[in-house]
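I have placed the structure first, in the form of structure tokens, so that the comments after it can refer back to it.
The values are calculated or read from the model by the stated rules, or taken from the named source; none is laboratory data. Given the structure is predicted, the values throughout are model-derived calculations rather than measurements. Using ideal geometry, Cβ is built from the backbone for each residue, glycine included, and neighbour counts are taken over all protein chains shown. Ligands, DNA and RNA are excluded from the accessible area calculation, which covers all protein heavy atoms including side chains. Shrake-Rupley method; radii C 1.70, N 1.55, O 1.52, S 1.80 Å.
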Amino acid sequence: TLFQELNEVLDVIAAGCTSEWLYQRSLQESFSGRIISLLRLITETEIRTDEFYKQSIPTNLNVLQFCWKAVRSLDAEATTTQMRALTYALGIPLRVEVVDKSSTDRGVLVKRLDFFHESDLEKGPLRLTRSYLSSSTAPIPLKQGSYDADLLSSDGTPMLTLLCRRGHCDILYRK
């Protein structure tokens with residue numbers, strides 16, 4: 001039934017639904033709860049099937065224990081490990097701006113993490129993650145890959161950007 005509901009929502013969106021309808025639909029606890037469970041399952045599957053994530057797991061936990069504690073748990077906060085896993089599994093580029101606790105005389109430091117796939121026909125999917133300290137006034141664009149044009153902006157940066165502070169993430173919208 002989850003996939004039927006998801007298809008219904010996608011059909012309504014494709015037909016031109018209003019943002020109010022989509023907002024009201026997202027408030028329906030049973031629907032949003034099932035979607036969140038599905039996204040957690042996709043995230044866990046990516047983490048458990050890709051060796052890359054082992055380096056992000058604390059040494060006192062194995063992959064299954066990590067997923068129980070940090071992915072399945074309803075009170076777990078999403079970290080960059082879970083964000084990377086979900087965006088890679090779904091093939092959606094994501095920019096995460098992480099506010100550093102420390103500040104300098106020039107302002108607050110922001111660590112920028114870009115998660116995106118870039119297809120290479122001969123080598124298969126190539127996974128790249130770039131991170132660096134940057135000023136919010138000096139963005140460094142990503143190289144335009146083989147994404148659908150709707151997933152990257154004209155300057156090659158992901159359309160989806162999150163601003164993360166300790167314990168909280170916000171969606172950033174372009175002007």
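For the reader, a short list of remarks on this structure follows.
- In segment 87-95 there is at least one residue matching the filter, namely being outside any helix (DSSP H, G or I), touching a Ser or Thr at 6+ places or on another chain (Cβ under 6 Å) and not β-branched (Val, Ile, Thr).
- Residue among 107, 167 that is in contact with an Asp or Glu (Cβ under 9 Å, 6 or more places away or on another chain), modelled with pLDDT of 60 or more and surrounded by fewer than 11 Cβ atoms within 10 Å (Cβ to Cβ): 167
- Candidates 68, 21: the one that is of a type in the set (Phe, Trp, Tyr), assigned to a helix (DSSP H, G or I), open to solvent by 90 Å² or more (accessible area, probe 1.4 Å) and outside the structural domain of residue 166 (by the TED database) is 68.
- Pairing residues of segment 1-24 that are free of Cβ contacts under 8 Å to residues at least 40 places away in the same chain with residues that are open to solvent by less than 60 Å² (accessible area, probe 1.4 Å) and not in a helix (DSSP H, G or I), at Cβ distances under 9 Å and at least 6 apart in sequence or on separate chains, gives 9/17.
- Every residue from segment 71-88 that is within 10 Å of the chain's Cα centre (by Cα), aliphatic (A, V, I, L, M) and either open to solvent by 60 Å² or more (accessible area, probe 1.4 Å) or farther than 22 Å from residue 166 by Cα (or both): 78
- The condition of being modelled with pLDDT under 85 and more than 28 Å from residue 166 (Cα to Cα) does not hold for residue 24.
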